[in-house]
Amino acid sequence: MTLFDPAVFGALQLSNRVVMAPLTRTRADDDGVPTEVMAEYYRQRAGQGLIISEGTWPAAEGKSYAGQPGIVTPAQIEGWRPVAAAVHEAGGTIVMQLMHGGRVGHPEISGQPRVVAPSPLAAPGQTHTPVGKVDLPVAHALTLDEIPEVVEQFAQAARNAIAAGFDGVEVHGANGYLVHEFLSPVSNIRDDQYGGSPENRARFAIEVTTAVAAAVGADRTGIRLSPQHNIQGVLEEDDADVHATYAAVAQGLAPLGLAFIDVLSAAPTSELVQHIRRTAGAPLIINTGFGVVTTREEAEALVADGWADAVAAGRPVIANPDLVARWREGTELNDPRPQLFYGRTAEGYTDYPSLESVRAGV
């Protein structure tokens, strides 16, 4: 098996095993509606075997960043249709990442009166809002009556994504956002059935993913996890607890028959990551490049040596829409421009040259 072989993940058809990682780019309008430039951005990158969209909020309370798209309103659903259609016309497959920011957000960003989380704690640090840089607020702890409502928000968002033409969805259970906040004993200090033990802290992730799978089909559902990423105050520093927590998550997901598990980890060959893979029983997408850029050699080895079924890349795909062709040929790569990763313009978004245009001197 090579990085460039096709694959079938549930109902998802991949032309190769290079995956476009979910990447926040803040190009939606003020109402969370995708813009025309977003359709072009994703179309350009349809050569990756699978595109996982940027984190998209399933509820207004879950909006974390200005310019972040949603999948709640009719206008948002309609705005995503040209994106999915453009990818499909270019021969690609695309799933939508459903990202509830939890306590990583602010009323000045979301327009909602609160942020929510498992516990009444603030994430560390500050965030940029329309009125300037401010401390992240203390979250409202979701009540036992409110948790099923949030679970249903994920399920409805998944239905909306399919209605917009997407091939599937990914639950964002990583990087310090709501689902991940439930997993950590630092961000989750509840003493009910959603807190305390590893099994209880795993419950919300399992319930959300189960509801999404029931809504759109497990063969169109994946989940992203980032064990021990230790980001945004969601700390997982006790090895034994981490293993127990993610074993519980994987055991809870195993009966579903998910399309894939997407794991962000700097140690993809570790027993922790591979135990999640074996226990969940789903194809594994590995993303090693949050701190260090993923290289072609690393990606090829992870697939060839059997550690992963596919490899996700972020910055290389931002800068090289045709990354698969460049990696296959072993040719030069464009350099990313990090100062333009976030913004509202096409600059640094859709203006990276293709290999074909570089060779043609265009």
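The values are calculated or read from the model by the stated rules, or taken from the named source; none is laboratory data. Treat the numbers as computed from the prediction; the structure is a model and nothing was measured. Quick reminder, even Gly has a Cβ in these numbers, built from the backbone with ideal geometry, and neighbours come from all protein chains shown. Only protein heavy atoms, including side chains, enter the accessible area calculation; ligands, DNA and RNA are left aside. Shrake-Rupley method; radii C 1.70, N 1.55, O 1.52, S 1.80 Å.
Here GLN13 and ALA214 are evaluated by their C-beta separation; at R0 = 25 Å the FRET efficiency comes out at 0.65. Near LEU98, the amide H atoms lying under 5 Å from its own belong to THR56, GLU170, VAL171, HIS172; only residues 5 or more places off or on other chains count, and H is placed 1.01 Å from N. Only one residue of THR93, HIS106, THR143 has its Cα farthest out toward the positive end of the dipole of segment 87-181, where Lys and Arg carry +1 and Asp and Glu -1 on Cβ, and that residue is HIS106. Centre-to-centre, using Cα atoms only, segment 149-226 and segment 75-143 are separated by 14 Å. Quick one: in the chain, what % of C-alpha pairs are over 27 Å apart? Within the chain, distances greater than 27 Å cover 42 percent of Cα pairs. Over the C-alpha trace of segment 136-247, radius of gyration and Dmax come out as 14.2, 42 angstrom.
Residues whose amide H falls under 5 Å from that of HIS140, counting only those 5 or more places apart or on a different chain, are VAL115, VAL116, ALA117, with hydrogens built in the peptide plane. Across segment 188-196, computed HN-Hα scalar couplings (Karplus, 6.51 cos²θ - 1.76 cosθ + 1.60, θ = phi - 60°) run 10, 10, 5, 10, 9, 6, 9, x, x Hz from first to last residue, x flagging Gly and Pro. Average projection, convex hull of the Cα set of segment 1-114: 7.3 square nanometres. Using θ = phi - 60° in the Karplus curve 6.51 cos²θ - 1.76 cosθ + 1.60, the 3J(HN,Hα) couplings for segment 283-291 round to x, 10, 9, 10, 10, 9, x, 5, x Hz; x is entered for Gly and Pro. Compactness of segment 215-335, taken as the C-alpha radius of gyration over 2.2 N^0.38 Å, stands at 1.13.
How much of the DSSP bridge set in segment 1-108 is antiparallel, in percent, rounded to the nearest 5? It would help to have the intermediate numbers written out before the result.
Working: 3 of 9 bridges.
So the antiparallel bridges amount to about 35 percent of the total.
Looking at segment 297-343, which GluC sites (Glu not before Pro) are DSSP coil and have at most 12 other C-beta atoms within 10 Å of their C-beta?
Numbers: sites: GLU297, GLU298, GLU300, GLU329, GLU332; in loops: GLU332.
Those satisfying the criteria are GLU332.
Segment LYS133..THR269, full-extension length gain: 45.1 nm, with 0.36 nm per residue of separation and the alpha-carbon distance subtracted.
Between GLN112 and THR73, how high is the FRET efficiency from 1/(1 + (r/R0)^6) when r is the Cβ-Cβ distance and R₀ = 22 Å? Nearest 0.05. Efficiency at R0 = 22 Å is approximately 0.95. Taking other residues whose beta carbon is less than 9 angstrom from the beta carbon of GLN228, and scoring Lys, Arg as +1 and Asp, Glu as -1, yields -3. Rolled with a 1.4 Å probe across the full set of protein chains, the surface gives GLU146 an accessible area near 30 Å². Think of it as helices only: each DSSP H run of n ≥ 4 in the chain is worth -39500 (n - 2.57), and spread over all residues that comes to -10000 deg cm²/dmol at 222 nm. Taking all protein chains together, PHE4, PHE260, PHE290 sort by accessible area into PHE290, PHE4, PHE260, largest first [probe 1.4 Å].
A probe of 1.4 angstrom, applied to the heavy atoms of all protein chains, finds THR129 with accessible area near 20 square angstrom. Applied to segment 148-159, the Karplus parametrisation 6.51 cos²θ - 1.76 cosθ + 1.60 on θ = phi - 60° returns per-residue 3J(HN,Hα) values of x, 5, 5, 4, 5, 4, 4, 4, 5, 4, 5, 4 Hz, with x for Gly and Pro. Once the Cα-Cα distance is subtracted from the 0.36 nm per residue extended length, the ASP305 to ASP238 segment shows a gain of 21.2 nm.
Extension gain, ASP335 to ALA90, is 85.8 nm, computed as 0.36 nm per intervening residue step minus the present C-alpha separation.
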